[in-house]
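The values are calculated or read from the model by the stated rules, or taken from the named source; none is laboratory data. For clarity, every value in this text was computed on a predicted model and none was experimentally measured. Here the Cβ positions follow ideal geometry from the backbone for every residue, glycine too, while neighbour counts run over all protein chains shown. To get the accessible areas, we keep the full protein, side chains included, count just its heavy atoms, and leave off ligands, DNA and RNA. Shrake-Rupley method; radii C 1.70, N 1.55, O 1.52, S 1.80 Å.
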Amino acid sequence: MPAAQAIPGLPLAARFALLLVSGFFQSLGTGTRMGLLAEVVPTSGYALARSLMNITSGGMAICGYAVGAVLLRYLRPYEVFVVAVALTGAGVGVVAMTVREHSIRLTRRPGLRRTWTTNVALFSHSGRRALLLNLWVPNGLIVGCEALFIPYSPDRAGLLLAAGSAGMLLGDLAVGRLLTAARRRRYAFALRLMLAAPYLLFAADPPTAVIAVAVFVAGAGFAATLPLQERLLALTPDPVRGQVQGVESAGRMTWQGIGAAIAGGVAQHLSPGVTMTAMAALSLAVTVFSRPFVVRVRPDRAGTEAGEGIPRARATEVQPEP
């Protein structure tokens with residue numbers, strides 16, 4: 001896809017079509033990696049491994065943006081795409097030479113019917129739906145807020161994007177590496193609130209330093225996905241962990257696109273600051289009203305046939321999040 005983008009004079013509609021196709025295949029790759037991670041890493045180490053993947057991918061994205069910005073000072077846009085093609089080719093070569101297939105278990109490849117059956121079971125209980133809702137919707141709405149940084153303040157957009165990225169990296173590092181599983185679960189609700197609450201300040205158009213700190217704090221709140229992913233993993237038997245984690249990853253990326261589209265549509269009628277405040281308030285509402293379903297679910301593996309679905313879950317009193 002970068003090779004096609006390098007064609008000079010390519011119409012804008014064609015470039016967007018290429019981005020759409022590229023995003024589709026990237027989502028397949030991301031879902032596969034997340035599913036493989038859930039299968040090769042023990043449950044006790046899943047949050048650590050997931051945080052490491054978030055840190056490395058986020059760090060490389062930041063480096064890519066920085067290098068691209070520097071190259072644009074000296075090269076034309078299509079020439080930057082040529083550089084991207086060369087780097088992508090080199091990366092593919094490294095992967096081909098260093099990564100080998102690893103058989104996790106001897107099992108037949110799941111067909112469409114079995115995949116559909118597992119997905120139906122995944123959404124069949126309110127507790128699992130609440131986990132997926134919290135993993136998808138609040139994050140997606142806040143990504144919609146980030147999509148409005150440029151119309152909100154073109155001069156400060158770079159600073160806000162950098163602050164958000166720095167917050168995400170620090171949040172994943174702290175939550176994944178420094179907190180125990182019990183503490184991650186204890187602070188999960190506070191992290192979900194921290195994800196959206198700072199964006200309420202945008203309605204008042206505060207000074208640059210204030211909004212940069214707010215975006216940094218909100219970025220750290222994205223680490224709330226780690227304890228939620230651990231909960232979802234605990235509700236999933238080994239044979240279908242990969243598929244369930246792939247569904248979670250694909251849904252989260254889809255909602256990021258939906259959140260950006262909603263924010264862009266609302267911003268046609270309201271100011272960017274007011275729109276971001278409204279998106280943040282909606283994110284908070286989803287988090288607060290779905291909380292009882294999240295804290296009252298735990299797995300019940302009795303009667304589950306391994307590989308044919310996911311375990312039933314029952315609503316029960318557990319230690320709540322403070």
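Across segment 174-185, which residue is least open to solvent (accessible area, probe 1.4 Å) among those that are at pLDDT below 90 and touching a Ser or Thr at 6+ places or on another chain (Cβ under 9 Å)? By that ranking, first place goes to 176. Against the numbered list (1) open to solvent by 80 Å² or more (accessible area, probe 1.4 Å); (2) without any contact (Cβ under 8 Å) to a residue 24 or more places away in the chain; (3) within 27 Å of residue 166 (Cβ to Cβ), residue 52 comes up short only at (2). Taken over segment 2-47, the criterion of being exposed (fewer than 14 other Cβ atoms within 10 Å of the Cβ), closer than 18 Å to residue 249 by Cβ and in contact with a helix residue (DSSP H, G or I) (Cβ under 6 Å, 6 or more places away or on another chain) is satisfied by no residue. Given the structure, is residue 69 more than 30 Å from residue 163 (Cβ to Cβ) and either within 23 Å of the chain's Cα centre (by Cα) or exposed (fewer than 12 other Cβ atoms within 10 Å of the Cβ) (or both)? No: the conditions fail for residue 69. Determine which single condition residue 223 fails, assuming it passes every other condition in (1) surrounded by fewer than 24 Cβ atoms within 10 Å (Cβ to Cβ); (2) within 19 Å of the chain's Cα centre (by Cα). Failing condition for residue 223: (1). Contact annotation: residue pairs with Cβ atoms under 6 Å, 6 or more positions apart or on different chains, pairing a residue in segment 187-213 that is surrounded by fewer than 19 Cβ atoms within 10 Å (Cβ to Cβ) and modelled with pLDDT under 95 with a partner that is of a type in the set (D, E, K, R) and outside any helix (DSSP H, G or I), are 208/156.
Count of segment 152-173 residues, restricted to those that are under 23 Å from residue 284 (Cα atoms) and either of a type outside the set (A, V, I, L, M, F, W, C) or open to solvent by 10 Å² or more (accessible area, probe 1.4 Å) (or both), is 12.
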